[in-house]
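The values are calculated or read from the model by the stated rules, or taken from the named source; none is laboratory data. Source: prediction; values computed, not measured. Neighbour counts run over all protein chains shown; Cβ positions are idealised from the backbone, glycine included. All accessible areas refer to the heavy atoms of the entire protein, side chains included, with ligands and DNA or RNA removed. Shrake-Rupley method; radii C 1.70, N 1.55, O 1.52, S 1.80 Å.
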Amino acid sequence: MTETAKHSLWSAPTLSSSVSATVNLPGSKSLTNRAFILAALSEKPTEVHGCLEARDTMLMRQGLTVFGARFEQLSTSPTSLSAFTGNSSWQITPIPKSSENFENPAEIDCGLSGNVMRFLTALAPIFKAKTYFYGDQGAAKRPQLPLLDALSKYGICIDLPPTPDSLPFTIGTFPHQEEPHSFQQSESKTLSVDSSQSSQFLSALLLAASRWPEPVTIRALGKLPSLPHIQMTLENLKECGASFQERENENAWSFEPCPLQLTETTIEPDLSNAGPFLAAAMIKGGQITIPNWPSKTTQAGDYWRELLTKLGASYELSDAGLTLTGPNDFLTNRTEHHFDLGDYGELAPTLAALLALRPTGGTITNIGHLRGHETDRLAALETEIKRLGGKVSTTENSLIITSPVTHGAKVQTYHDHRMATFGAIIGLAIPGIEIENVETTNKTLPNFVDLWQKVARQED
């Protein structure tokens, strides 16, 4: 069944003048899900504020609840969060030690979330019961085998489907939980994982390592994409008191089992999701303000400041947040631009939309790992830019736009939230853009349409 048959079309609004808007964004998905996990693994209950309230974070809560954590939504939040829609506050009671011995089979619905299918997979062996992981139809296309292969080589029993690429699968337990001496007799306490397709494979093992029953060294094989996400994971672990030592020049981290404790924390706004709104100021000029933009962060989205400055923007970072002022000649400027997004791949669809509106296009390199996201994003971007009249080609690792989009069309989203916002950005400058399944933005930004229409129509 096609997306057209399942979803109505959303007409993307077009900007008629420069913009002037303040956009309050909900919390970061990446930080929310890491906080949920670390709170669930802590010794005592804690409160987490400013959490993203979207499908991916709901699935993470549900999965951790299966393992024994308890989530109680709080009715009050810090005053600084009162303007944010899509935020929530939670008191999280950790997974009790007794849960590590529960007997009932567990089932985890991953939806289309890479965080859930990877992070909880690395936690599952702690528990005596087997854990069955499943998800949306499209989830089977998301790479999982490197993580499963690493766990299997470490001695953890895994039941794979006939085509062992991804979901569904069943994770067993550590060998010593079923055979008391087999774990100690294993050849190595080093667990190596090929993380070249996704940094989430490495983050999953790092997040779980402190709770594993034996000291373990996590080693990353291959070139690591999305380094800010790895740094985010490590910083979060340090804040919780994890005991680990980085082995310099080896891409390895040695962990000792130790108690964790997440202190009361407030999640930063999602800076990657700020990109489409900042793009509005780029296209037609004017200003967009994102409140509570942190002065220091591990989020990849902070790179927007550097990227958009290269494209002619200026910005001011103050206690009020980030205010970006767009150039007046963005749609006519013929300067050629080439961007390496190896560490910032999640920003590529938004940057591609901007480049596809410029007379000379542009090139984005080192983004081959995007082929394993919610969809093959390189192929999707190539298809949709061509559908809109632009000229574009791809290599295994790059997107090369040589002439701009010229007309409206129905933009497919491939159940990928970043492709939906890609189409919306194009629609700011090109009339007649209709987006199939704009609801897919609920994955990480459930109020996207309302926020977008307020910016595009200059509503208060």
Q | Extension gain (nm, one decimal) between LEU221 and THR190, 0.36 nm per residue minus Cα-Cα | A | 9.9 nm
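Could you tell me the calculated FRET efficiency between ASP136 and ARG334, based on Cβ-Cβ distance and R0 = 35 angstrom, to the nearest 0.05?
Step by step, r from the Cβ atoms, then E = 0.25.
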**Q.** Karplus (6.51, -1.76, 1.60) ³J(HN,Hα), θ = phi - 60°, over the stretch 338-344, in Hz, Gly and Pro reported as x
**A.** 10, 10, 9, 10, x, 9, 9
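I want the antiparallel fraction of DSSP beta bridges within the chain, as a percent rounded to 5.
Working: 45 of 66 bridges.
If I count the DSSP bridges inside the chain, around 70 percent turn out antiparallel.
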Q. Based solely on its DSSP helices, what 222 nm [θ] is calculated for the chain when runs of n ≥ 4 H residues each add -39,500 (n - 2.57) and the sum is averaged over all residues, nearest 500 deg cm²/dmol?
A. -8500 deg cm²/dmol
Q: Order VAL411, VAL66, most accessible first, counting only protein heavy atoms with a 1.4 angstrom probe.
A: VAL66, VAL411
(Q) Taking each pair of distinct Cα atoms in the stretch 301-395 once, what is the resulting Kirkwood hydrodynamic radius in Å? (A) 14.3 Å
Q) What residues qualify as long-range amide H neighbours of SER20, i.e. H under 5 Å apart, gap of 5 or more or another chain, H built at 1.01 Å from N? A) GLN287
**Q.** Interchain or long-range residues, amide H under 5 Å from PHE339's placed H
**A.** THR363, ILE364, THR365
Q: Mind checking the full-extension length gain between CYS157 and ARG70? Use 0.36 nm per residue of separation minus the Cα-Cα distance, one decimal, nm.
A: 28.6 nm
Q.
Among LEU378, THR394, THR360, whose Cα projects farthest towards the positive end of the dipole of the stretch 360-402, with charges put on the beta-carbon of Lys, Arg (+1) and Asp, Glu (-1)?
A. THR360
(Q) Please list 3J(HN,Hα) in residue order for the stretch 363-371, calculated via the Karplus relation 6.51 cos²θ - 1.76 cosθ + 1.60 where θ = phi - 60°; whole Hz, with x for glycine and proline. (A) 10, 10, 10, 6, 10, x, 5, 5, 5
(Q) Using protein chains only and a probe of 1.4 angstrom, how many square angstrom of MET117 are accessible, to the nearest 10? (A) 0 Å²
Q) How high is the FRET efficiency between LYS310 and ARG457 when r is their beta carbon distance and R₀ equals 22 Å, given to the nearest 0.05? A) 0.15
Q.
For a Förster distance of 45 Å, can you work out the FRET efficiency between the beta-carbons of SER318 and LYS128, rounded to the nearest 0.05?
A. 0.30
Q: Could I have the simple spin-label model distance between ARG387 and SER20, label points 7 Å from Cα toward Cβ, reported in nm to one decimal?
A: 3.6 nm
Q) Of all trypsin sites (Lys or Arg not before Pro) in the stretch 228-314, which ones are in loop regions per DSSP and have a Cβ with at most 14 other Cβ atoms within 10 Å? A) LYS296
Q) Excluding ligands and nucleic acids, what accessible area in Å² is computed for SER28 using a 1.4 Å probe, to the nearest 10? A) 0 Å²
Q.
A 31 angstrom limit on the alpha carbon distance is what I want to check against. Which of LYS296/LYS454; LYS29/LYS410; LYS189/LYS238; LYS296/LYS410; LYS29/LYS454; LYS284/LYS443 exceed it?
A. LYS296/LYS410
Q. Please report, for the Cα atoms of the chain, the Rg to one decimal and the Dmax as a whole number; what are they, in angstrom?
A. 22.1, 71
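By DSSP, what percent of the beta bridges with both residues in the stretch 311-454 are antiparallel, rounded to the nearest 5?
On the way: 12 of 17 bridges.
So the antiparallel bridges in the stretch 311-454 amount to around 70 percent.
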Q.
I'd like the distance separating the alpha-carbon centroids of the stretch 231-306 and the stretch 309-338, in whole Å.
A. 22 Å
Q) If you roll a 1.4 Å probe over the heavy atoms of the protein chains, what accessible area per residue do you get for the chain, in Å²? A) 39 Å²
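Charges at C-beta only: +1 for Lys and Arg, -1 for Asp and Glu. How large is the resulting dipole of the chain about its Cα centre, in Debye rounded to 20? Don't skip to the end; give the middle numbers.
Values: 36 positive and 49 negative charges, 140 e Å.
Using only the charged Cβ atoms, the result is roughly 680 debye.
Explain nothing, just the number: relative contact order of the stretch 188-288, from Cα pairs under 8 Å at least 6 residues apart, as a whole percent.
Details: 135 pairs, mean separation 26.3, N = 101.
Averaging sequence separation for qualifying contacts and normalising by length gives 26 percent for the stretch 188-288.
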(Q) Going by amide H atoms built from the backbone, whose H comes under 5 Å of the H on ILE433, apart from near neighbours? (A) ALA12, ALA409
Q: Would you mind computing, in nm to one decimal, how far apart the modelled labels at HIS407 and THR365 are, each placed 7 Å from Cα along Cα→Cβ?
A: 3.5 nm
**Q.** 3J(HN,Hα) from dihedral phi, the stretch 293-307, Karplus parametrisation 6.51/-1.76/1.60, rounded to Hz, x for glycine, proline
**A.** 5, x, 6, 9, 7, 9, 5, 4, x, 5, 5, 4, 4, 6, 4
